[in-house]
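Down below is the structure, laid out as structure tokens.
The values are calculated or read from the model by the stated rules, or taken from the named source; none is laboratory data. Note that this is a predicted model, so its numbers are computed, not measured. Glycine also receives a Cβ, built like all others from the backbone with ideal geometry; neighbour counts cover every protein chain displayed. Side chains are part of the model used for accessible areas, which takes the heavy atoms of the whole protein and leaves out ligands, DNA and RNA. Shrake-Rupley method; radii C 1.70, N 1.55, O 1.52, S 1.80 Å.
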Amino acid sequence: MPDFFTFTHFKRSPSLLHAVTTKSNDLPYAFSLALHTGEDAENIIANRNRLSDLLQSSEALHYIVADQTHSDNIKLITQKETKGWESLSDAIEACDALITDVKGVVLTILTADCVPILLYDRKREVVAAVHAGWKGTKACIAYKTVQKMREIYGCDPKDIVAGVAPSIGRCCYEVGEEVAEHFFDIPKGFSPVGEKYMLDLPLINKQQLLDARLQEENIEMSRVCTACNVERFFSYRKEQGCTGRFMSMIGMKNGDN
Ligand SMILES: [Zn+2]
């Protein structure tokens, strides 16, 4: 029976629904939720349906899955629709951040080491889900997502609560200079080790959220490293190119029906 990682901040909002899935060895592919990594689709869809049951929502939820490409493309979901949930073919094309103000829509991100970031504007009632690997982080996707929330939905960053979900930590993320050099302007974001660097993607993303004017007390860091906790989370590095992915998700309940 899978359990979820959750954020204390988000749990304070009863109208919000969020979860980060964990591995479960009694389920197909240890409860991987990715359709794009070559597993039998029927089993993955069964896992997704089980996940949906576990969320125990009294209403029908509409899940959005994107075809993540390490871009800085941001997509707004403006209607109640389901995308990429039962098939890859209708996933949101080439997109690494999703934003919506539509209730009953759940935005999802699939990862195994990259940084998933969930955002919620309590006043405007807008949610976002961001996928930030080193390329997305380099492209400032977290910062740009907050900018988009301001521009399109009139969000005030002071009202935005953020959760930075389990991802590979500085303890385990060794990179070469060709990656690290993109972050040399954030000295606290890495530590040199010999000719390599230990890169801190969760921290660099937190800095982007601060630069986007979120308040530090509103940013909740999971402080869970996927590679150190590989029994609980998929880790592409630790598992040497695993195909499993866990899902981080956020949405608002309908409430009014
Ligand atoms: Zn670690």
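Quick look at the values:
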quantity: Stretch gain in nm, segment Cys171-Thr6, where the contour uses 0.36 nm per residue and the Cα spacing is subtracted; calculated: 57.2 nm
quantity: Förster-model FRET efficiency, 41 Å R0, Asp40 and Arg124, C-beta, rounded to 0.05; calculated: 0.50
quantity: Förster radius 25 Å - calculated FRET efficiency between Asp185 and Glu217, Cβ distance, rounded to 0.05; calculated: 0.50
quantity: At R0 = 25 Å, FRET efficiency that the Cβ-Cβ distance of Arg50 and Ser15 yields, to 0.05; calculated: 0.55
quantity: Average accessible surface area per residue within the range 188-233, 1.4 Å rolling probe, Å²; calculated: 50
quantity: Sparse-neighbourhood loop sites, trypsin sites (Lys or Arg not before Pro) in the range 188-217 - DSSP loop, at most 15 other Cβ within 10 angstrom; calculated: Arg213
quantity: Size of electric dipole in the range 46-199: Cβ of Lys, Arg +1 and of Asp, Glu -1, about Cα centre, debye, nearest 20; calculated: 460
quantity: Relative contact order, percent, the range 196-257 [alpha-carbon distance under 8 Å, six or more residues apart]; calculated: 15
quantity: Theoretical ellipticity at 222 nm over the chain - DSSP helices of four or more residues, -39500 (n - 2.57) apiece, nearest 500; calculated: -5500 deg cm²/dmol
quantity: Cα gyration tensor shape for the range 10-66, rounded if a/c is under 1.5, else prolate or oblate; calculated: prolate
quantity: Carbon and sulfur %, accessible surface of the chain computed with the full protein complex present, 1.4 Å; calculated: 44
quantity: The chain, relative contact order in percent, only Cα pairs under 8 angstrom and at least six apart counted; calculated: 24
quantity: Accessible area expressed per residue, the range 45-115, with surrounding protein chains retained (probe 1.4 Å, Å²); calculated: 42
